[in-house]
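A short write-up of the structure that comes next.
Only the coordinates and a few stated rules stand behind these numbers; no lab work does. Just so we're clear, the structure is a prediction, and the values are computed from it rather than from any experiment. All Cβ positions, glycine included, derive from the backbone under ideal geometry; neighbour counts span all protein chains shown.
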Amino acid sequence: MSRTRKHFWWLIALVVIVAPMTVPVFAQDDPTNLYADAIAACPADQSITIMSSLPDLAFPFFVHMQNQIAAEAESIGNIELIQLDGENDATKQTADVENAIVQGVDAIVISPIQVDAISPALQQAIDAGIPVITIDRRVVGVDGILAHVGADNVAGGEVQANTAVAAFPDGASIFHLQGQPGAGPAIDRNQGVHNVLDGMSAFPFVFEQTANFRRDEGLSVTEAGLAGLSTPPNVIIAANDDMALGALEAVIAAGLQDEIQIYGFDALPEALASVRDGGLTGTIEQFPGGQSRIAMRIAALVARNCAYEANPLVLLTPIMITQANLDQSERIGELGMEATPAAAPGTDLYADSIAACPADQSITIMSSLPDLAFPFFVHMQAQIAAEAESIGNIELIQLDGENDATKQTADVENAIVQGVDAIVISPIQVDAISPALQQAIDAGIPVITIDRRVVGVDGILAHVGADNVAGGEVQANTAVAAFPDGASIFHLQGQPGAGPAIDRNQGVHNVLDGMSAFPFVFEQTANFRRDEGLSVTEAGLAGLSTPPNVIIAANDDMALGALEAVIAAGLQDEIQIYGFDALPEALASVRDGGLTGTIEQFPGGQSRIAMRIAALNARGCDYEANPLVLLTPIMITQANLDQAERIGELQ
């Protein structure tokens, strides 16, 4: 590869940057197609290596970008793609870049965690002749960045503020949730909001604080902020969708959902669904998939010395997505609005009873899920809300346990004081929540558990879930069927003390214990987290003299983290990986040949059935009661993707 040619293209970029920036960058009707023609004309016979690094794959936004990077690499062809997760650790991301320099990669595509922290390493890469393309988060003060591809985050913040101004021509009080301090998008989006509202006395900031781009902090900071105000704000502006969705939870819990407009930023599928369903008022679309694909095209064109019209600054203009223009969002296809799978066996249980049950009595139901940082529980929450809306006349109090058993216990105790008509709950830790649930039952409040079962509490009305033991057995039996002569097993267990972790682990061991041809060569918890799935797998693989044949993970987040580690080690063709939960990202990975399979346990069906039981009981309607409703889990592979509950969310 010619480093001279790389520097030649950078000279072109230097020339382009002095052109007036008021001229639109794009001539195409669809700006995300930029450089597609140049890629089509560029021979792909030369193998190249590109390293990509994203800030934190615990965020669905970055998972989407990662998937688009991988898809574009596949489309371009003959690219060895090294995909790395910064794990929200600037030190790790810096080390990843330094390792890429040592490896001599042909290009780096990166979204920095902290601009100042990563700058020296990026300068080293450029000085070593490696082209660097930044996406989403821009780096300044580094000489020689080939290109930045992103949304105009300042303009996005301005759109949020201008939307609020248009909605409240006589003025409005503003509650502002800012992003992670030091992160480029946080700085720019904040600037955009203030560009519009500073000096407008009719639009005072009554609260302004960081929630670090996190949903749990969006919830807790909003709860605290609302509690400190004598009058609710008219508008909440959040610097990303995760914080906006957390704020929405706090607003709903305070009974203010009809008084406060909430604007997010990122157009995540969950946010789009919330906009569609009347939760969030709007969200900023910045076309992250388009950014990712354009950045990969630039990297490939430069690495292969192909001609293209270079531009050092490619900014896609953000727009506000509301109910009126949902069809303009990049990820609209993931909402399942175009494809609806048939109901899974048993998921329509009690639907006829609900139809026959009068809804003239208003009831209050509290739901609590373990941790809305996990997309699995976000899906369950959305299905609970949708079923409540479908049943009708339900005041729904939706709470996030935030992976804190003490908080979840306090939430149940508060629900008892409020005198709710039913509680639908998925416990964080079974032992920790049991006393509070017993108190609720003793107070005459029906309790329905979902996904995670509670034992040792007298009077649980019903448990609705998948048979997690059977799910673990399906994982193990699938491995046995795939390797009739035996296989070494690498086992990533779930969060200690959590019911699903215990049951899924038991299922795996029910099958494999005593089968000498299927030894466990590694077994450790990764706490249901993607970042730990990556780091634990990296450490586990490094300690083995021979790679395992199979990785069994107790959820999809850990499986997807393990897949990253396996790809980084160049072992993707040697190791089968089985997840559990059938998340859309996992289904897409199965479809594309990453994960081998994932267990479908129909969480949406569980959620809807639990809500029906709660409503039927609270309203005194007849139904065929059953204290244990278990949906039979199945393994989803490429051969039966159409049986997945969330297949409609795949692009």
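Farthest toward the dipole's positive end in segment 575-651, which of Gly620, Ala582, Ile634, given Cβ charges of +1 (Lys, Arg) and -1 (Asp, Glu) about the Cα centre?
Of the options given, the answer is Gly620.
When a footprinting reagent is the concern and you count Cβ atoms within 10 Å, what order do Asp485, Asp371, Asp348, Asp143 take, fewest first? Let's see the in-between values first.
Details: Asp485 5, Asp371 21, Asp348 13, Asp143 9.
In increasing order of surrounding Cβ atoms, one gets Asp485, Asp143, Asp348, Asp371.
Starting with the fewest neighbours, write out Val206, Val132 ranked by other beta-carbon atoms found within 10 Å of each beta-carbon.
Ordered from fewest to most neighbouring Cβ atoms within 10 Å, Val206, Val132 come out as Val206, Val132.
Could you size up the charge dipole of the chain around its Cα centre, putting +1 on the beta carbon of Lys and Arg and -1 on that of Asp and Glu, and report it in debye to the nearest 20?
Value, rounded to 20: 1020 debye.
Under the 0.36 nm per residue contour assumption, what length would be gained going from the current alpha-carbon distance of Glu523 and Glu259 to full extension? Spell out each step's value before the answer.
Numbers: separation 264, 0.36 × 264 = 95.04 nm, distance 5.02 nm.
Extra length from Glu523 to Glu259 when fully extended: 90.0 nm.
Using alpha-carbon pairs under 8 Å, 6+ residues apart, how would you state the relative contact order of the chain in percent?
Here the relative contact order equals 12 percent.
Considering only Gln429, Gln475, Gln160, whose Cα is most displaced toward the positive end of the charge dipole of the chain, charges sitting on Cβ of Lys, Arg (+1) and Asp, Glu (-1)?
Gln160
Go through 187-198, 550-561, 151-162 and give me the packing order, highest mean Cβ count within 10 Å leading.
550-561, 151-162, 187-198
Quick check: the distance between the Cα centres of segment 151-167 and segment 456-531, to the nearest angstrom?
Here the answer is 47 Å between Cα centres.
For Thr596, Thr525, Thr283, Thr134, what ranking results if the residue with the fewest other Cβ atoms within 10 Å of its Cβ goes first? Could you put the intermediate results ahead of the total?
On the way: Thr596 22, Thr525 18, Thr283 28, Thr134 25.
Ascending number of Cβ neighbours within 10 Å: Thr525, Thr596, Thr134, Thr283.
Collect residues whose amide H, placed 1.01 Å from N in the peptide plane, falls under 5 Å from the amide H of Asp467; neighbours closer than 5 in sequence don't count.
Result for Asp467 returns Leu631.
Between Ala625 and Asp327, how many nm apart are label points set 7 Å from Cα along the C-beta direction?
Simple spin-label model gives 4.9 nm for this pair.
How far, in nm, would the chain grow between Ser47 and Glu98 when pulled straight, counting 0.36 nm per residue and subtracting the alpha carbon separation?
16.2 nm
When DSSP assigns beta bridges and you keep just the ones with both residues in segment 468-600, what percent turn out antiparallel, to the nearest 5?
For segment 468-600, the DSSP antiparallel bridge percentage is about 0.
Please list, by residue number, every one of the GluC sites (Glu not before Pro) in segment 556-651 that is coil in DSSP and has at most 12 other beta-carbon atoms within 10 Å.
Hits after loop and neighbour filter: Glu574, Glu624.
For segment 1-336, what is the charge dipole size about the Cα centre, in debye to the nearest 20, if Lys and Arg each add +1 at the Cβ and Asp and Glu each add -1 at the Cβ?
Working: 14 positive and 40 negative charges, 174 e Å.
For this selection, approximately 840 debye.
Normalising by the residue count of segment 108-258, find the relative contact order in percent from Cα pairs under 8 Å and 6+ residues apart.
Reported as a whole number, the value is 21 percent.
Would you mind calculating the gained length between Gln124 and Phe483 on full extension (0.36 nm times residue separation, minus the Cα-Cα distance), in nm to one decimal?
124.6 nm
In whole Hz, with x marking every Gly and Pro, tabulate ³J(HN,Hα) for segment 130-135 from phi via Karplus 6.51 cos²θ - 1.76 cosθ + 1.60, θ = phi - 60°.
Those phi angles translate into 9, x, 10, 10, 9, 10 Hz.
If you average the alpha carbon positions of segment 65-127 and of segment 376-424, how far apart do those two centres end up, in angstrom?
Result: 40 Å between the Cα centres.
Work out the length of the dipole vector of segment 61-174 about its Cα centre, built from +1 on the beta-carbon of each Lys and Arg and -1 on the beta-carbon of each Asp and Glu, and round it to the nearest 20 debye. Working shown, then result.
Working: 3 positive and 16 negative charges, 31 e Å.
Dipole size: approximately 140 debye.
If R0 is 51 Å, what FRET efficiency do you get for Glu309 and Gln572 from their C-beta distance, rounded to 0.05?
On the way: r = 35 Å, r/R0 = 0.69.
Working from the Cβ atoms, E equals 0.90.
Could you work out the relative contact order of segment 1-336? I mean the mean sequence separation of Cα pairs under 8 Å and 6+ apart, divided by the number of residues, in percent.
Value for segment 1-336: 22 percent.
Positive end of the dipole of the chain, charges at C-beta (+1 Lys, Arg; -1 Asp, Glu), about the Cα centre: which of Ile76, Thr596, Gly648 has its Cα farthest in that direction?
Of Ile76, Thr596, Gly648, it is Ile76.
Segment 289-331 to segment 570-626: how many Å between their Cα centroids?
33 Å
Could you calculate the FRET efficiency of Glu395 with Met200 from 1/(1 + (r/R0)^6), where r is the beta carbon distance between them and R0 is 35 Å, rounded to 0.05? Write out the running numbers ahead of the final one.
Numbers: r = 36 Å, r/R0 = 1.02.
My answer for the efficiency is 0.45.
Okay, helix-only estimate at 222 nm for the chain: each DSSP H run of n ≥ 4 adds -39500 (n - 2.57), divide by all residues, round to 500 deg cm²/dmol; what do you get?
-13000 deg cm²/dmol
Report the FRET efficiency, 1/(1 + (r/R0)^6), for Ala432 and Asn33, where r is their Cβ-Cβ distance and R0 is 35 Å, rounded to 0.05. Before the final figure, lay out each step's value.
Working: r = 52 Å, r/R0 = 1.49.
It comes to 0.10.
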